[in-house]
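Down below is the structure, laid out as structure tokens.
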Amino acid sequence: MIKKLNVIKIEKKIKKKQNPTKEVFMRLLRNKSAMVGIVLFTIITMMSLFAPLMVDYYEDCIEQNLVDRFLPPSPEHWFGTDAFGRDIFARILYGGRISITLGMVSTGISMVIGGTLGVIAGYYGKKPDEIIMRIMDSIMAIPGIIFALAIVAALGPEIKNLIIAVLVMQIPSFARITKSAVIGVANAEYIEAAKTYAASPFRIILRYVLPNSLGPVIVHASMSVATMIMAMAGLSFIGMGVQPPTPEWGLMLSEAKEYIRYMPGMMYYPGAAIIITALSLNLFGDGLRDALDPKLKD
């Protein structure tokens, strides 16, 4: 009995000494679906990153060879070839570099812009909150894909304009989530204590408010990458995004739709790449949300 009590006391001491970040990490490791998502996304990202070591960009992805068009899967061409004799597997690898990079870059920019607006609105309130939120409401009143189409149509179908179009779609959601998180922290006792010591608003926001408000924002960002990838694929599919012959998953789907009866793999493989990537990011986002939820602590 005494031994059991000592063991319980030791376990309690260990739990007290545990770092909150370590606790979140351990809960994330115990989440099987999150681990599946991380593994899948890591595999796709690493294969895309090291694509130059496996295939040649110009010869396999760009150069046309009509003699080898519509070849079935083989050891030489794992996923077969498309209507122009280009290797589908190679184009998916390089397409992943474009889709994942653009998705992460656009998410990062929209998180910084939307997060900054959300912090200002949540911390200062009143007029800044009213002005910022009304602008965000105006953007959200327009369906995201239509808003993105209007931007790309006005600026032209280029990669930089595609990034602008999709990141503008996500800024309002980041602003709203950040504002909600900041409001929950701004009235805490340690914030009031910092104010009594005449700490500047910038110091309070940077040192106390932001670190305690990042949880929901990070979760939303992990899921937004998947949203960005699908949005850019959709724009490329209708000819308003990445232009040929650049390999991109949505563009590959667009090129394959005419040959779906004769070569369905041309559409299956890039479609599967989009689905698996989006699924892996959503699984990770769900797991991260559960790990950061204090109600789920052991």
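The values are calculated or read from the model by the stated rules, or taken from the named source; none is laboratory data. These numbers come from a predicted model, not from an experiment. All Cβ positions, glycine included, derive from the backbone under ideal geometry; neighbour counts span all protein chains shown.
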Looking at segment 87-164, what helices (runs of 4 or more DSSP H) fall wholly within it and have at least 1 residues that are among the β-branched types (Val, Ile, Thr) and under 22 Å from Gly271 (Cα atoms)?
88-124, 144-155
Residues being within 20 Å of the chain's Cα centre (by Cα) and either surrounded by fewer than 21 Cβ atoms within 10 Å (Cβ to Cβ) or β-branched (Val, Ile, Thr) (or both): count how many of those fall in segment 211-221.
6
Which one of these is surrounded by 14 or more Cβ atoms within 10 Å (Cβ to Cβ) and of a type in the set (Ser, Thr, Tyr): Thr21, Thr45?
Thr45
Has segment 251-269 got at least one residue that is closer than 19 Å to Ser106 by Cα, in a helix (DSSP H, G or I) and at pLDDT 85 or above?
yes
Which of the residues belonging to segment 170-206 are of a type in the set (D, E, K, R) and either part of a loop (DSSP other than H, G, I, E, B) or at pLDDT 80 or above (or both)?
Arg176, Lys179
Subset of segment 225-242 [hydroxyl-bearing (Ser, Thr, Tyr) and touching a Leu at 6+ places or on another chain (Cβ under 7 Å)]
Ser236
Look through segment 225-250, keep the residues that are in a helix (DSSP H, G or I) and small (Gly, Ala, Ser), and return whichever of them is farthest from Asp82 (Cα to Cα).
Ala226
Would it be correct to say that Pro247 is over 13 Å from the mean Cα position of the chain (by Cα) and surrounded by fewer than 15 Cβ atoms within 10 Å (Cβ to Cβ)?
no
Looking at segment 207-223 only, could you name the residues that are within 15 Å of Leu283 (Cα to Cα) and among the polar types (S, T, N, Q)?
Ser222
Among the candidates Ile171, Ile163, Ile177, Ile132, single out the residue that is in contact with a His (Cβ under 6 Å, 6 or more places away or on another chain), within 25 Å of Met104 (Cα to Cα), buried (at least 17 other Cβ atoms within 10 Å of the Cβ) and of a type outside the set (Ser, Thr, Tyr).
Ile177
